[in-house]
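These notes concern the structure reproduced below.
The values are calculated or read from the model by the stated rules, or taken from the named source; none is laboratory data. Quick caveat, the model's predicted, so the values are computed rather than measured. Ideal geometry is used to build each Cβ from the backbone, glycine not excepted, and the neighbour counts take in all protein chains shown. The protein model used for the area step is the full one, side chains on, heavy atoms only, and it has no ligands, DNA or RNA in it. Shrake-Rupley method; radii C 1.70, N 1.55, O 1.52, S 1.80 Å.
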Amino acid sequence: MMVSISLAQLAIQIGAQLNDTNASEVNISGIASLRQATAHEVSFFSNRLYRDDLTQTQAAAVIVSQKDLSYSPVPALVMDNPYLGYAHAARLLNPIPKSYVGVHPTAWVSPDAHVAETASIGAQAVIEAGTHIHEHVEVGAGCVIGRDVRLGAHSHLAANVTLYAQTQIGQRCVIHSGAVIGADGFGLANNKGQWVKVPQLGKVSIGDDVEIGANTTIDRGALEDTIISNGVKLDNQIQIAHNVFIGEHTAIAGCVGIAGSTHIGRCCMIAGGVGIVGHIEIADNVQVTGGSIVLQSITESGIYSSGTPLELSQRWRRNFHQFKHLNDIAKCVQTLKNNSKFSST
């Protein structure tokens with residue numbers, strides 16, 4: 001759906017200051033990159049690597065910070081956080097099309113389920129008994145919603161999402177295709193070399209304004225619930241094990257694995273490919289850089305890393321060979337120190 005708005009109105013909507021009143025009535029109908037934007041599109045600048053593109057842009061206007069304003073050859077929408085402005089502008093200029101209201105003829109809805117009149121249930125979806133789907137919820141084609149699930153108002157499920165029994169989803173959540181929420185956690189007891197399944201009796205409880213990426217999996221709790229708090233953002237292909245707790249407004253990038261009973265605090269940022277062992281706690285406002293392995297609790301906020309940077313394979317093998325001898329090297333250094341102290345006396 002095409003949306004057109006004046007530059008002055010756009011500035012108001014995104015909380016920016018337009019620096020050129022002569023451009024107030026210019027109509028904006030889209031958003032594009034600095035390099036590709038045209039005379040009726042707005043762009044943004046938030047990364048100094050693209051400064052050359054900024055100086056040559058043909059956009060109608062650029063969302064930019066005060067410190068970079070002098071580099072803009074076109075009218076500017078000035079604000080402290082241009083990337084945030086871009087997010088607001090992109091949403092305003094590209095509204096999500098509304099689905100039809102009602103139940104598709106090929107969907108199956110249990111007579112014992114409650115579906116609000118304003119909800120949308122897509123083709124081939126299955127809604128089982130005891131489930132409550134609230135106002136303005138959109139359930140995509142092929143979704144399977146188990147027994148006694150709750151879907152909060154204005155939440156959106158893309159095609160082929162699976163919600164196991166008793167899963168609780170808050171308001172305004174977005175769950176992308178292929179996500180599986182509420183499957184059994186990996187609970188097994190060893191009986192003389194053979195594995196005995198431990199029943200998973202908890203559920204998954206997801207707060208408001210949560211986004212869950214494609215093919216991400218969140219396991220139900222063993223006894224207590226797995227909890228994803230308000231405002232959490234999860235990327236694609238993340239594995240969250242049973243009884244994990246994730247605090248409000250934490251963001252986790254793709255391919256992260258979180259083992260069972262881990263407690264992650266508020267406003268954390270976990271980069272892609274991180275592995276987190278179970279039964280540990282991570283404090284609020286912690287950042288973990290990509291590819292790190294978290295083996296113990298983190299008790300203070302800050303930025304944490306592990307692993308070795310990429311280098312030529314031959315050099316890496318040589319360094320790894322030396323790494324295996326670090327303990328011997330440390331003992332030799334300590335011996336030299338002790339001998340030096342003895343000689344000095």
ask   = Any idea how far apart Asn22 and Gln124 come out in nm if each label point goes 7 Å out from Cα toward Cβ?
value = 5.8 nm
key: the chain - Kirkwood radius from inverse mean 1/r over Cα pairs (Å)   = 23.8 Å
key: Volume per residue of the C-alpha convex hull in region 182-225, rounded to whole Å³   = 65 Å³
request  = Using Cα positions and a limit of under 23 Å, work out the lysines in reach of Lys233, with same-chain residues fewer than 8 apart set aside.
outcome  = Lys98, Lys203
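Over region 68-131, what is the relative contact order in whole percent, taking alpha-carbon pairs under 8 Å and six or more residues apart?
Working: 57 pairs, mean separation 17.0, N = 64.
Computed over region 68-131, the figure is 27 percent.
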request  = Mind putting a number on the dipole of region 202-345 about its Cα centre? Charges go on the C-beta only, +1 for Lys and Arg and -1 for Asp and Glu, and I need it in Debye to the nearest 20.
outcome  = 1120 debye
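Assigning unit charges at the beta carbon (Lys, Arg +1; Asp, Glu -1) and nothing else, what dipole magnitude in debye, to the nearest 20, does region 32-107 show about its Cα centre? Provide the component values of the computation, followed by the final result.
Details: 6 positive and 5 negative charges, 30 e Å.
I would put it at about 140 debye.
What is the sum of charges, Lys and Arg at +1 and Asp and Glu at -1, for the other residues whose Cβ falls under 15 Å from the Cβ of Ala251? Mind showing how you got there, number by number?
On the way: positive: Lys233, Arg266; negative: Asp209, Glu211, Asp235, Glu248, Asp284.
That works out to -3.
Using the crude model of +1 on Lys and Arg Cβ and -1 on Asp and Glu Cβ, and no other charge, please compute the dipole size for region 273-345 relative to its Cα centre, in debye to 20.
Numbers: 7 positive and 5 negative charges, 129 e Å.
Rounded to the nearest 20 debye, it is 620 debye.
Run the numbers on region 1-150 and let me know its relative contact order in percent, using alpha-carbon pairs under 8 Å that are six or more apart.
Numbers: 336 pairs, mean separation 24.7, N = 150.
Value for region 1-150: 16 percent.
Please give me the summed charge of the neighbours of Gln36: other residues whose Cβ is under 15 Å from its Cβ, Lys and Arg +1, Asp and Glu -1.
On the way: positive: Arg35; negative: Glu41, Asp52, Asp53.
Computed value for this residue: -2.
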ask   = In percent, what relative contact order does the chain have, based on Cα pairs under 8 Å that are 6 or more apart in sequence?
value = 6 percent
task = Provide the packing ranking of 202-210, 301-309, i.e. peptides ordered by the mean count of other C-beta atoms within 10 Å per residue, highest first.
result = 202-210, 301-309
ask   = Å³ per residue of the Cα convex hull, for region 143-295?
value = 98 Å³
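Could you compute the longest span of the chain free of GluC sites (Glu not before Pro) located in DSSP loops and having at most 14 other Cβ atoms within 10 Å, not counting the site residues?
On the way: sites that count: Glu25, Glu117, Glu135, Glu224, Glu300, Glu311.
No qualifying site falls inside 26-116, the longest such stretch.
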ask   = Cβ under 14 Å from Asp52's Cβ, Asp52 left aside: what net charge do those residues give with Lys, Arg +1 and Asp, Glu -1?
value = +1
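Restricting to region 1-142, what percent of DSSP beta bridges are antiparallel, rounded to 5? Write down the numbers at each step before the final one.
Working: 4 of 20 bridges.
If I count the DSSP bridges inside region 1-142, around 20 percent turn out antiparallel.
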query = Using a 1.4 Å probe on the protein chains only, how many percent of the accessible area of the chain belongs to carbon and sulfur?
reply = 54 percent
note = Non-local residues with an amide H under 5 Å from the amide H of Gln287, with H modelled 1.01 Å from N and Pro and chain starts lacking one, are Met269, Gly302, Ile303, Tyr304
request  = Convert each backbone phi in region 224-229 into a coupling constant with the Karplus relation 6.51 cos²θ - 1.76 cosθ + 1.60 (shift: θ = phi - 60°), then list the ³J(HN,Hα) values in order as whole Hz, x for Gly and Pro.
outcome  = 8, 7, 7, 10, 10, 7
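I'd like to check one number: the per residue accessible area of the chain, probe 1.4 Å, reported in Å² as a whole number.
Numbers: 19420 Å² over 345 residues.
I get 56 Å² per residue for the chain.
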query = Between Ile63 and residues 5 or more places away or on another chain, which pairs have amide H atoms under 5 Å apart, with H built 1.01 Å from N, and which residues are they?
reply = Ser43, Phe44, Phe45, Leu77
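In the chain, what percentage of the DSSP-assigned beta bridges are antiparallel, given to the nearest 5?
Working: 8 of 74 bridges.
Expressed as a percentage, antiparallel bridges in the chain total about 10.
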query = Each residue of region 83-96 in turn: what ³J(HN,Hα) in whole Hz from Karplus with 6.51, -1.76, 1.60 and θ = phi - 60°, glycine and Pro shown as x?
reply = 5, 5, x, 4, 4, 5, 5, 4, 5, 5, 8, 9, x, 6
note = Under 5 Å from the placed amide H of Glu138, counting only residues 5+ away or on other chains, we find Ser120, Ser155, His156, Leu157
